[in-house]
Amino acid sequence: SAEATSNLSRYDGLRYGLSVNENHPVAASVTKMSDLTQLERQYASTRSQGFGREVVRRILSGTSVLSSDRFHTHYEAATKVRAMVAAQLREALTLSVDVLLTPTCLTLPNQTDRDPTGMFANDVLTVPVSLASLPAISIPWQEESPIGLQIVGADDDKVLEVATAV
């Protein structure tokens, strides 16, 4: 969530992403636009039209986690967990196997009727790899299949070699 907040902050409609006129009728109804500066109205209009519910949910969650009053509560604990996950994954890839093969997510894509918790749960297989800063690739399990296979390794070359072979 914090990563989504940080990464998506650049989509302001000026430099990156969709650009919606601040007077767009749907965008104008989203917030009380009269209390905002022209730049804030541009951001609000663009983001209300360009981001779906799940993206907005993740941005708000990340903003909460990144707020200064929650820094000690979340960040310090997350740093410890990140180090532990990275160490365990690197140990498995160093001592036991060349690569890890996992599904990319727990459910099939395009199931938009899931609850928010289910949407977050779908990240459970990809987030640890990102936390450990390991190279990974997601490829289709079979041709024309909606199921993704994630290949995780200790180095880029091995991951790409396995992905090409699969």
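Being buried (at least 18 other Cβ atoms within 10 Å of the Cβ) and either assigned to a loop (DSSP other than H, G, I, E, B) or touching an Asp or Glu at 6+ places or on another chain (Cβ under 7 Å) (or both) is the filter here, so list the residues in segment 124-151 that pass it.
Listed by number, the residues that qualify are Thr126, Ala132, Leu134.
Here are some residues: Ala121, Ala154. Which one is within 22 Å of Ala78 (Cβ to Cβ) and open to solvent by less than 60 Å² (accessible area, probe 1.4 Å)?
Details: Ala154 fails: within 22 Å of Ala78 (Cβ to Cβ).
The conditions single out Ala121.
Filter segment 82-107 for residues that are within 17 Å of the chain's Cα centre (by Cα) and either touching a residue at least 24 places away in the same chain (Cβ under 8 Å) or part of a helix (DSSP H, G or I) (or both) and give the result.
Arg82, Pro103, Thr104, Cys105, listed by residue number.
Among the residues of segment 152-166, what is the count of those that are touching a residue at least 12 places away in the same chain (Cβ under 8 Å) and either over 23 Å from Pro109 (Cα atoms) or in a strand (DSSP E or B) (or both)?
At the first step, the residues of segment 152-166 found to be touching a residue at least 12 places away in the same chain (Cβ under 8 Å) are 152-156, 158-160, 162-163, 166.
Still in the list and also either over 23 Å from Pro109 (Cα atoms) or in a strand (DSSP E or B) (or both): 152-156, 158-160, 162.
Of the residues in that region, 9 qualify.
For segment 90-104, give me each residue that is of a type in the set (Val, Ile, Thr) and either in contact with a Ser or Thr (Cβ under 7 Å, 6 or more places away or on another chain) or under 10 Å from Ala154 (Cα atoms) (or both).
Passing the criteria: Thr94, Val97, Val99, Thr104.
The values are calculated or read from the model by the stated rules, or taken from the named source; none is laboratory data. Quick caveat, the model's predicted, so the values are computed rather than measured. We place every Cβ from the backbone using ideal geometry, glycine too, and count neighbours over all the protein chains shown. Side chains are part of the model used for accessible areas, which takes the heavy atoms of the whole protein and leaves out ligands, DNA and RNA. Shrake-Rupley method; radii C 1.70, N 1.55, O 1.52, S 1.80 Å.
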